[in-house]
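Asker: Structure below; questions to follow.
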Amino acid sequence: MSTAGFNSQNGTGTGQAYANGPSQNPVAMQQLPGVNYGMTHQPIYNPMQSKAPAPPGPGLYPSGAYQPIPPVSSYQPGQPPTSYPAPLGQPLLTRPLMGVPPSQTPPQSASPSPRPSLARATPPPPAASSSSYYPNPQQLQPMAPSWQYNTGPPPMGPPTSTSTPPRGPVANHVNPSSSSPVPPSPLSSVAYSSGPGMPPTTLQGYNQPGIAPPQMNPMASHTYHPSRPAYGPPTSGQPISGPPPTGPPPTGLPPTGVPPTGPPPSLKPTPLPTGPPVANVTPTPPRYDGAMAGNGPQPSNSYNHVDNQMAGPPQHGPPGRHLGHYPSLPPGYQNTPGPHKSPSPMHPAMQSATQPYTQSSQQYQQPPGGPGPAQLSPSMAAMSLQSSTPEALRVVNLLQERNLLPPSPTPPPTPCLPQDLQKINCNPEVFRSTLTSIPQTQSLLNKAKMPLGLLLHPFKDLTQLPVVTSSTIVRCRSCRTYINPFVTFLDQRRWTCNLCNRVNDVPEEFMYNPVSRSYGEPHKRPEVQNATIEFIAPSEYMLRPPQPAVYLFVLDVSHNAVETGYLNVFCQLLLENINTLPGDSRTKVGFITFDSTIHFYNLQEGLSQPQMLIVSDIEEIFLPTPDSLLVNLNECKELVQDLLRSLPNLFQKTMETQSALGSALQAAFKLLSPTGGRMSVFQTQLPNLGVGALQSREDPNQRASAKDIQHLSPATDFYKKLALDCSGQQVAVDLFLLSSQYCDLASLGCISRYSAGSVYYYPSYHHQHSPAQVERFQKDLKRYLTRKIGFEAVMRIRCTKGLSIHTFHGNFFVRSTDLLSLPNVNPDAGFAVQMSIEENLADVQSVSFQAALLYTSSKGERRIRVHTLCLPVVNSLSDVFSGADVEAITGLLACMAVDRSVAASLSDARDAMTNAAIDSLSSYRQSVLTIQQPGLLAPACLRLFPLYILALLKQKAFRTGTSTRLDDRVFAMCQLKYQPLVYAMLMIHPSLYRIDDLNDEGALNINERTIPQPRVQQLSVEKLSREGAFLMDAGLVIYLWIGRNCHPNFLSQVLGVPSYAAVPENLYTLPELDTAESQRTRAFIGWLRDQRPFFPSVHVIRDESPLKASFMQNMIEDRTESALSYYEFLLHIQQQISK
């Protein structure tokens, strides 16, 4: 991601117009003189340009070593901030200087119109520490460098014309274009009186009477409360009259501030309002301002025009007022909610996410006689207008409340939607928003100082997935949205799209419900009952016959590779799992090995043994026998098995030390190009021969330097260009890096990143010296070989008109503004999307997002997996804050920080993350709090935000002042961008448990196994005890720390040793002892491992262990030589807010 390579979205380093993540919509990045964009949204500042000068301060935070501060005890609860000792004559930390204000850059509309392509204007180069999140165009304030959340970064480097012909597989570069002028939407929100002395309250967020979201976790801080303004539209221009209800809250609603306990109570609906229903006014269909922009010449296997049938022109109109319901229903259509089932016993953080799939399809609830779920009842309005504060907005003084960490992982916040809609909303582990209440305008979003984005896990393994086989897939005729639970049925024959408001006809075939085998109830079809559904696609979704499953393995067999011993493990595992590779009778496999030459293997049917063919001309690589190198697995299985048995011995005595990786990749690309498929590359050293050769760029003496980290960007664009060629031919490259030396992952990782592959990294791998790494490699490789896979995939994300996508994060190639090319898609890949608000959303009460993934299964079926998420729209800042999802915000910020580190500098990214916490809490204090109090105040929903930001600053990807190998840092950055949120959060903020006193209190029972549930501890040494044993789950690794005075009973019953001194130095697996303590401990660790697709290794460590330093570096709340403690960090935030 060097500067030269980002003139265009996926630039090659020489100005070619490629597209890759992170990417923004390809629009002209600077407003040209005399051009009026006519947008109704607030102009957004460019994040990579400077702000107005600020008063000079003594230094950057925290790009260098911290200012020396006298040590203090680990925490001082209740102590006033002023009593904290600070060095005389200098502030704790200050903000850096900033440059000139940037030009305004409107984001791209969701529906680009064809206009003449404009050459990209080159912005002035950024200042050294320039980065600002949310500037106000009218009022430039001296603030710290940060991001503007809601726009993409500008191009960097010399100006590049978009007319430059692209190289490689680029088929569809979208010319920069701006959207046509959009008239401003009328603001129409009805205010209601809140009682004497209360400000008017809009009804942007009111709910059905007596309806609450399902309870997810007793300790959840986002539980619905009776006083919370709920979701719903204005019913009329008349204020609601009547006294507020008194007495206890209705059944199903927990009282404010009191965590619910016991089983979920029954939900009893309160009577619906009487009187004439509100008329359902159907907005007129939207106008179109042109087709999709910028389609260049396509390669023969481009799926663009197929997905244009699938996706259509991305035009959107105003969404309908009512979701998934008829405006008024005949008696036969009035249904009751389905039975409520208790959640399955599993990790609390995943309970809510999985719950929609562990229960049977819910019946679609229709309010009798009412116009739909958005209708508000007077009783609900009166209840919601009480003055009590919802739990999410409870004021927390971070400097006084020490124990903020919940005792167990909390589920994500629940959007304030009617319960019947929330019950069928998308699984939050699949589709999650940083804000569960969408601001009505961009200016409101800017005022909140929080990022708006989506986090997706689209191909996740699901326990229950409805699959529909139909010759007709019902979609909107305008925006091509798939029918979903949030559309509106006008009657049995017509439905209104929830994204563009187009009225569509219901096809005759859709009138029949295959589940109930009934006719005439289209609203009960599975497509309208499930927010996640999969279609078997008909032939119009295919450009060519679906490709077979093709697997090519490219293996390093140099002396260094043989020494690691990985080849034995690989061949043995593939032999064991060769019959479980996903595929059918057409599945093909092939093998290439390489050192200083390239070795092919003829596996043609009829041969008595495999033939090795050596090509020594690595400069102009060719395929010696193209037809017999990729063979049908079923027909040639015996030859393949013979090869796997002989490979480890074939190179056992090799003395070749050179590695021609680039040439091997070129050969593999030629072999896979005709069909597409998956290339699995195993590499153990720095490539040093032929094309793509690299040199070591790491200076070990600079690993702990406080200066900016160098060489985070690729040293060459060879691997990026090759990856883009692979993507064009439906080839994905997965990289397994097993090395004890520097391998330049920043360069090699491009081959996977731009081809939608994945990276596996095993530092210091050796079959004898690192048994824990060997075990992790074995478990990871087995899952990799046997997990499901999708080939030749594309994914398109649509959203309600008025919203737009401007940046993607993950491993992919961006084919157009909202279309991702994924040659392979796997169930462990996550993606993130940044959004902006382009038009006022005053006319709608909710917005929807839909992700559609079109892929070929390993069995050769063309399938479409569709996820739809619905969220309410609010017009008050307090409602925006109350819907903040702190984990999703942290995950999106981590992705943004990785991009900033590579495009600008590590210190710039660190400053921006710090300012994210400062700015959001400052906005909350200034604009939401009605009574100003001393201290550092945060809403309960954001109480962990500063802690998570500090955790990011101390994470391996972003830390400074601590010796960190460059490849380790780059891999940590790859993981933050690629891992789904639930796994990334463990890498950001590990979980610490005390396990020497495990018991069955509160335990889960899964498959007749009892799983203890110990309390999550704070990451501070003060929580450790020499008398105890503590387990830290850090995602990829699990540490078990044994205190020096640990009770002998635990040592003998769990570790099988008589004393502390007898604990082995390199213990990485727990003995299977027939004791209750051993069974509890192993059950708990096994349960933690089962929650994720990768395999974390366990390290048992003592005080003398070399790994103790790694364990202690995860003690985020403690101070180190180069990083603040949590309390000091809070003081710094308070100091910046009070400036």
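Asker: If the viscosity is 1.306 mPa s and the temperature 10 °C, what Stokes-Einstein diffusion coefficient in µm²/s follows for segment 788-883 when Rh is the Kirkwood radius over Cα pairs?
Answerer: Numbers: Rh = 15.0 Å.
In µm²/s, the coefficient rounds to 106.
Asker: Rounded to two decimals, what is the ratio between the C-alpha radius of gyration of segment 397-490 and 2.2 N^0.38 Å? Present the calculation step by step, with values, prior to reporting the outcome.
Answerer: Values: Rg = 18.3 Å, N = 94, 2.2 N^0.38 = 12.4 Å.
Taking N as the residue count of segment 397-490, the ratio is 1.48.
Asker: Kirkwood Rh, segment 460-520, all Cα pairs: how many Å?
Answerer: Values: mean 1/r = 0.0780 Å⁻¹.
By the Kirkwood definition, the hydrodynamic radius is 12.8 Å.
Asker: Which of the lysines could a cross-linker span from residue 423 if the Cα-Cα distance has to be under 21 Å and same-chain partners fewer than 8 positions apart are dropped?
Answerer: Hits, sequence-local ones excluded: 268, 341, 460, 524.
Asker: Also, quick follow-up: Please report, to one decimal in angstroms, the Kirkwood hydrodynamic radius of segment 1005-1049 built from all distinct Cα-Cα pairs. Could you put the intermediate results ahead of the total?
Answerer: Details: mean 1/r = 0.0804 Å⁻¹.
This gives a value of 12.4 Å.
Asker: Pull up all non-local amide H partners of residue 691: gap of 5 or more, or a different chain, and H-to-H distance under 5 Å with H placed in the peptide plane.
Answerer: 663
Asker: Further, regarding this structure: In square angstrom, rounded to the nearest 10, how much accessible surface does residue 1139 have for a 1.4 Å probe?
Answerer: So the heavy atoms of residue 1139 present about 150 Å² to solvent.
Asker: If the limit is 29 Å between Cα atoms, which of 588/782; 721/801; 721/779; 956/1139 go over it? Don't skip to the answer; put the middle values down first.
Answerer: On the way: 588/782 19 Å; 721/801 35 Å; 721/779 32 Å; 956/1139 31 Å.
From 588/782; 721/801; 721/779; 956/1139, over 29 Å: 721/801; 721/779; 956/1139.
Asker: While we're looking at this one, here's another question. By a straight-distance test (C-alpha under 20 Å), which lysines pair with residue 954 as possible cross-link partners, with residues fewer than eight away in the same chain excluded?
Answerer: The qualifying lysines are 707, 977, 1023, 1108.
Asker: Considering the alpha-carbon set of segment 386-441 alone, what are its Rg and its Dmax in angstrom?
Answerer: Here Rg and the maximum Cα pair distance are 14.6, 40 Å.
Asker: Please get the size of the charge dipole for segment 459-602, origin at its Cα centre, with Cβ charges of +1 on Lys and Arg and -1 on Asp and Glu, quoted in debye to the nearest 20.
Answerer: Dipole about the Cα centre, nearest 20: 720 debye.
Asker: Now, a different point. Give the separation of the Cα centroids, segment 1098-1124 to segment 450-480, in Å.
Answerer: When both Cα centres are located, 43 Å separates them.
Asker: Mind checking Rg over Rh on segment 1036-1139, alpha carbons, Kirkwood formula for Rh? Before the final figure, lay out the partial values.
Answerer: Values: Rg = 18.0 Å, Rh = 16.1 Å.
For segment 1036-1139, the value is 1.12.
Asker: So how much accessible area does residue 698 have, in Å² to the nearest 10, using a 1.4 Å probe?
Answerer: 40
Asker: Then there's this: List every residue whose amide H lies under 5 Å from the amide H of residue 789, counting only residues 5 or more places away in sequence or on a different chain, with H placed 1.01 Å from N in the peptide plane.
Answerer: 858
Asker: Here is a follow-up. What ranking of 463, 414 comes out by heavy-atom accessible area, probe 1.4 Å, highest first?
Answerer: Working: 463 110, 414 25 Å².
Result, largest first: 463, 414.
Asker: In addition: Can you list the HN-Hα couplings for segment 992-998, worked out from phi with the Karplus curve (6.51, -1.76, 1.60; θ = phi - 60°), rounded to whole Hz and with x for Gly and Pro?
Answerer: Using θ = phi - 60°, the values come out as 10, 10, 8, 10, 7, 10, 5 Hz.
Asker: Which values, in whole Å and largest first, are the semi-axes of the equivalent ellipsoid of segment 586-651 obtained as the square root of 5 times each eigenvalue of the Cα gyration tensor? Could the numbers behind the result be given before it?
Answerer: Working: eigenvalues 84, 42, 16 Å².
The three semi-axes for segment 586-651 are 20, 14, 9 Å.
Asker: So for each of 619-630, 989-1000 I average, over its residues, the number of other beta carbons within 10 Å; can you give me the resulting order with the highest mean first?
Answerer: On the way: 619-630: 14.6, 989-1000: 19.2.
Order by mean packing, descending: 989-1000, 619-630.
Asker: Using only the Cα atoms of segment 886-1045, construct the convex hull and provide its projected area averaged over every direction, in square nanometres to one decimal.
Answerer: On the way: hull surface 52.1 nm².
One quarter of the hull surface, i.e. the mean projection, equals 13.0 nm².
Asker: From the alpha carbon gyration tensor of segment 657-807, can you work out the equivalent ellipsoid semi-axes (sqrt of 5 times each eigenvalue) and give them in Å, largest to smallest? List each step's numbers first, then the result.
Answerer: Values: eigenvalues 153, 90, 70 Å².
Equivalent ellipsoid semi-axes, largest first: 28, 21, 19 Å.
Asker: Assigning unit charges at the beta carbon (Lys, Arg +1; Asp, Glu -1) and nothing else, what dipole magnitude in debye, to the nearest 20, does segment 1014-1139 show about its Cα centre?
Answerer: Details: 12 positive and 14 negative charges, 46 e Å.
Using Cβ point charges on Lys, Arg, Asp and Glu, segment 1014-1139 gives about 220 debye.
Asker: Rounded to the nearest whole Å², what accessible area per residue is found for segment 493-589 with the 1.4 Å probe? Can you show the working numbers first?
Answerer: Numbers: 3350 Å² over 97 residues.
Accessible area per residue, segment 493-589: 35 Å².
Asker: What is the dipole size for segment 874-972, taken about its Cα centre, with +1 at each Lys and Arg Cβ and -1 at each Asp and Glu Cβ, in debye to the nearest 20? Don't skip to the answer; put the middle values down first.
Answerer: On the way: 9 positive and 9 negative charges, 70 e Å.
For segment 874-972, the charge dipole is close to 340 debye.
Asker: Something else: Which log10 I(q)/I(0) values does segment 742-855 give at q = 0.13, 0.21, 0.22, 0.24 Å⁻¹ under the Debye formula, counting every alpha carbon as one identical point scatterer?
Answerer: -0.67, -1.17, -1.23, -1.33
Asker: Distances over 19 Å make up what percent of all Cα-Cα pairs in segment 697-783?
Answerer: Numbers: 1946 of 3741 pairs.
Roughly 52 percent, once rounded to a whole number.
The values are calculated or read from the model by the stated rules, or taken from the named source; none is laboratory data. Keep in mind that what you see is a predicted model, and the values were worked out from it rather than measured. Heads up, the Cβs are rebuilt from the backbone with ideal geometry, glycines too, and the neighbour counts pull from every protein chain shown. Each accessible area value is taken on the protein alone, full model and side chains, heavy atoms only, with ligands, DNA and RNA left out. Shrake-Rupley method; radii C 1.70, N 1.55, O 1.52, S 1.80 Å.
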